[in-house]
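First the structure, in the form of structure tokens, and then the observations on it.
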Amino acid sequence: MSKDFHDQGPRRVGQVKEVTSLANPIIKDIKALTNKKSREESGTFLAEGLKLVIDAIELGWTIRTLVYAKAAKGKPLVEQMAARTVASGGLVLEVSEKVLASITRRDNPQMVVGIFDQRWKPLRDIRPKEGETWVALDRVRDPGNLGTIIRTADAAGASGVILVGEATDPFSLETVRATMGSVFAVPVARATPEEFIAWRKSAGVSIVATHLAGAVDYRTIDYRKKPVVLLMGNEQSGLPDQLAREADALARIPQQGRADSLNLAVATAVMLFEARRHLLSLPEVK
């Protein structure tokens, strides 16, 4: 990462740097954020689209750089976000569509891109309260699945997502796209399987896991006894015995037809909204 990218310093409101060259070192640094190693080293990530940028800034996320196409210049909301970016010490770049397309790897790019600081929720700080639902994902590998699950968790009123084991990056370009902005609203934590098991023992939660050997229809489970963590297995191999043993209930989603399993994001959505239905409409089982 170049010095310009990190050491931006305070800037006067209204100051905009115009960039037209793909060889510009700041543009090279921004493009590098499509690689996980560069995101980890800088602690930043890309978010595309004016709506996502507005959502993130309104929710208090730290914006480092705002990039917009020349065609977006003068639009009131773009100007407002530019002013807020500069006021917080960030950099504003006005670029050609060719530069924007190279950053987003799209032929028809969004007119606005923001570079934000990553934000992880420390596992030790998660102490679920009564009525809360969390999602824990074991080794989720597909960015589209993870992004869709984060978006669905937001829609279902879940409190957050915990990534267990080696997982895909929630701050990758593909995952952030799939969240449709929910990555800014849903806390995300990460843990090794051992850390998750230790946390589970101290957090006072009920673990409901989907499992191939699950003998209980997911609709019959009591989701109200304690705060619930829905534990979902890896797309290919499902849940390992090490984690399945930690479950208070193993659930199955009855299916018909030739398909032997559901997509992970779909299965997680089914579980999330069933837990929500119980919490909102059913009396607590004593």
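The values are calculated or read from the model by the stated rules, or taken from the named source; none is laboratory data. Everything numeric here is computed off the predicted structure, so don't read it as measured data. Glycine gets a Cβ as well: all are built from the backbone with ideal geometry, and neighbour counts include every protein chain shown.
So, of the residues in the stretch 209-246 that are of a type in the set (A, V, I, L, M) and farther than 18 Å from Ser261 by Cβ, which turns out to be surrounded by the most Cβ atoms within 10 Å (Cβ to Cβ)? Even if it seems obvious, please write down each step before you answer.
Within the stretch 209-246, the subset of a type in the set (A, V, I, L, M) is 209, 212-213, 215-216, 221, 228-232, 239, 243-244.
Those still in the list that are farther than 18 Å from Ser261 by Cβ too: 221, 228-229.
Details: Ile221: 22, Val228: 29, Val229: 27.
Ranking the candidates gives Val228 first.
Restricted to the stretch 268-286, and to residues there that are modelled with pLDDT of 95 or more and surrounded by fewer than 19 Cβ atoms within 10 Å (Cβ to Cβ), the residue that is farthest from Leu146 (Cα to Cα) is Phe273.
Among the residues of the stretch 222-267, the one identified as within 13 Å of Arg139 (Cα to Cα), at pLDDT below 95 and among the aliphatic types (A, V, I, L, M) is Leu239.
Would you check if there is a residue in the stretch 123-136 being among the aliphatic types (A, V, I, L, M) and more than 15 Å from the chain's Cα centre (by Cα)?
Kept after step one, since they are among the aliphatic types (A, V, I, L, M), are these residues of the stretch 123-136: 123, 126, 135-136.
With more than 15 Å from the chain's Cα centre (by Cα) added as a condition, the list becomes 123, 126.
Scanning the stretch 123-136, I find at least one residue that is among the aliphatic types (A, V, I, L, M) and more than 15 Å from the chain's Cα centre (by Cα), so the answer is yes.
Restricting attention to the stretch 27-39, the residues that are of a type in the set (A, V, I, L, M, F, W, C), surrounded by 17 or more Cβ atoms within 10 Å (Cβ to Cβ) and closer than 19 Å to Gln118 by Cβ total 2. Looking across Val113, Val99, one residue alone is β-branched (Val, Ile, Thr) and either at pLDDT 95 or above or under 30 Å from Gly204 (Cβ atoms) (or both). It is Val113.
Examine the stretch 132-140 for a residue that is among the aliphatic types (A, V, I, L, M), surrounded by 19 or more Cβ atoms within 10 Å (Cβ to Cβ), touching a helix residue (DSSP H, G or I) at 6+ places or on another chain (Cβ under 8 Å) and closer than 30 Å to Glu18 by Cβ, and state whether such a residue exists. Break it down into steps so the answer makes sense when it comes.
Of the stretch 132-140, the ones among the aliphatic types (A, V, I, L, M) are 135-137, 140.
From what is left, the residues that are surrounded by 19 or more Cβ atoms within 10 Å (Cβ to Cβ) are 135-137, 140.
With touching a helix residue (DSSP H, G or I) at 6+ places or on another chain (Cβ under 8 Å) added as a condition, the list becomes 135-137, 140.
From what's left, closer than 30 Å to Glu18 by Cβ: none.
Scanning the stretch 132-140 turns up no residue that is among the aliphatic types (A, V, I, L, M), surrounded by 19 or more Cβ atoms within 10 Å (Cβ to Cβ), touching a helix residue (DSSP H, G or I) at 6+ places or on another chain (Cβ under 8 Å) and closer than 30 Å to Glu18 by Cβ.
Out of all the residues in the stretch 121-151, which are touching a Leu at 6+ places or on another chain (Cβ under 8 Å) and part of a loop (DSSP other than H, G, I, E, B)?
Step one: filter the stretch 121-151 for residues touching a Leu at 6+ places or on another chain (Cβ under 8 Å), giving 131, 133-138, 140, 142, 145-146, 149.
Hits for the stretch 121-151 are Gly131, Val140, Asp142.
Sub-6 Å Cβ pairs linking a first residue in the stretch 154-171 that is assigned to a loop (DSSP other than H, G, I, E, B) to a second residue that is among the acidic types (Asp, Glu), at least 6 apart or interchain, are Ser159/Glu132; Gly165/Asp138, ordered by first then second residue. Here the condition is being assigned to a strand (DSSP E or B) and buried (at least 21 other Cβ atoms within 10 Å of the Cβ); of Val92, Val99, it holds for Val92 alone.
Taking the stretch 34-65 as the range and being closer than 14 Å to Leu91 by Cβ and either over 16 Å from the mean Cα position of the chain (by Cα) or part of a loop (DSSP other than H, G, I, E, B) (or both) as the test, the residues that pass are Ser42, Thr62, Ile63, Arg64, Thr65. In the stretch 247-267, the residues that are in the same structural domain as Pro143 (by TED's automatic domain parsing) and surrounded by 14 or more Cβ atoms within 10 Å (Cβ to Cβ) reach residues that are in a loop (DSSP other than H, G, I, E, B) and not hydrophobic (A, V, I, L, M, F, W, C) with C-beta atoms within less than 6 angstrom, at least six apart or across chains, in these pairs: Leu250/His211; Leu250/Gly214; Ala251/Gly214; Arg252/Gly214; Leu264/Glu235.
Examine the stretch 190-197 for a residue that is assigned by TED's automatic domain parsing to the domain that holds Val164, exposed (fewer than 15 other Cβ atoms within 10 Å of the Cβ) and closer than 17 Å to Val140 by Cα, and state whether such a residue exists. It would help to see each step written out before you state the result.
From the stretch 190-197, those assigned by TED's automatic domain parsing to the domain that holds Val164 are 190-197; that's our starting set.
Subsequent filtering for residues that are exposed (fewer than 15 other Cβ atoms within 10 Å of the Cβ) retains 192, 194.
In the following step, the residues that additionally are closer than 17 Å to Val140 by Cα were identified as 192, 194.
Scanning the stretch 190-197 turns up at least one residue that is assigned by TED's automatic domain parsing to the domain that holds Val164, exposed (fewer than 15 other Cβ atoms within 10 Å of the Cβ) and closer than 17 Å to Val140 by Cα.
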